[in-house]
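Asker: This is the structure I have questions about; it appears just below.
Coordinate-derived values only; no laboratory data. Since we're looking at a predicted model, the values are computed, not measured. No Cβ is skipped: glycine too gets one built from the backbone with ideal geometry, and neighbour counts run over all protein chains shown.
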Amino acid sequence: MRALPCLVYAALLAAAIHSDWHLSRPGHHGGMSGDWALHWVIAVPVFALIAWLVSREPAATRWRAAACIIVGGVVAGQLLEPLFEVLTDGVGWSWMLLDIRWTAFAEFMATGFVTFLLGMAWKSQSVEGPPNGG
């Protein structure tokens with residue numbers, strides 16, 4: 001996968017990670033909180049799409065493309081974006097390190113990884129066919 005599409009997909013994953021935080025966090029926060037216990041379900045379509053995009057790559061570059069998208073999205077969505085909030089919005093460093101934020105992120109990513117791996121397994125079977133030609 002070329003660098004530009006990889007970065008675009010990583011940015012979209014970062015947006016999904018940040019959106020998940022808004023869906024999951026409790027409280028009012030200016031109307032930008034969902035306090036939704038099932039926030040992690042948005043990881044299913046997001047990571048299914050990533051699996052579909054990556055599975056279209058040549059076999060030799062699939063995992064490199066997946067790493068680019070997922071690592072890039074995680075760094076931007078869970079590290080850089082909260083850091084930006086700390087530096088520009090005047091919230092304290094504790095805002096970036098809230099247990100609830102990291103719990104929501106872990107739930108989102110666990111659901112996402114399972115979806116991604118199942119999607120890759122399913123797509124590789126449908127593309128490459130059954131083993132032994134038959």
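Asker: With loop defined by DSSP as not H, G, I, E or B, and exposure as at most 12 other Cβ atoms within 10 Å, which is the longest segment of the chain clear of exposed trypsin sites (Lys or Arg not before Pro)?
Answerer: 57-134
Asker: Would you tally the net charge around Leu12, using a Cβ to Cβ cut-off of less than 15 Å, leaving Leu12 out, and scoring K and R as +1, D and E as -1?
Answerer: -2
Asker: Separate question: Taking the chain as the reference, fit the longest principal axis to its C-alpha atoms, fit the long axis of helix 3-24 to the helix C-alpha atoms, and give the angle between the two in degrees, 0 to 90, nearest 10.
Answerer: Relative to the chain, helix 3-24 is tipped by roughly 50 degrees.
Asker: Using helices alone, what [θ] at 222 nm do you get for the chain, with -39,500 (n - 2.57) per DSSP H run of 4 or more residues, divided over all residues and rounded to the nearest 500?
Answerer: Calculated from helices alone, the mean residue ellipticity at 222 nm is -22500 deg cm²/dmol.
Asker: Around Thr103, under 14 Å between beta carbons, what's the net of Lys plus Arg minus Asp minus Glu among the other residues?
Answerer: Neighbourhood net charge equals -2.
Asker: Pick the calculated semi-axes √(5λ) of the Cα gyration tensor in Å for this structure from (i) 33, 18, 14; (ii) 32, 16, 10; (iii) 63, 16, 12?
Answerer: The value matching this structure is (ii).
Asker: Gap in Å between the Cα centre of region 92-110 and the Cα centre of region 1-77?
Answerer: 15 Å
Asker: With θ taken as phi - 60° and the coefficients 6.51, -1.76 and 1.60, list the Karplus ³J(HN,Hα) couplings across region 35-50 in order, rounded to whole Hz; mark glycine and proline as x.
Answerer: Running phi through 6.51 cos²θ - 1.76 cosθ + 1.60 with θ = phi - 60° gives 6, 9, 5, 9, 3, 5, 5, 5, 5, 4, x, 5, 7, 5, 5, 4 Hz.
Asker: Once you list every other residue whose beta carbon is under 12 Å from the beta carbon of Val54, what net charge do they have if Lys and Arg are +1 and Asp and Glu are -1?
Answerer: +3
Asker: What FRET efficiency comes out for Leu97 versus Trp63 if R0 is 30 angstrom and r is the Cβ-Cβ distance? Round to the nearest 0.05.
Answerer: E(calc), rounded to 0.05, equals 0.45.
Asker: I've got another one for you. Counting other beta carbons within 10 Å of each Cβ, put Ser24, Ser55, Ser19, Ser94 in order, fewest first.
Answerer: Ordered by Cβ neighbours within 10 Å, fewest first: Ser94, Ser19, Ser55, Ser24.
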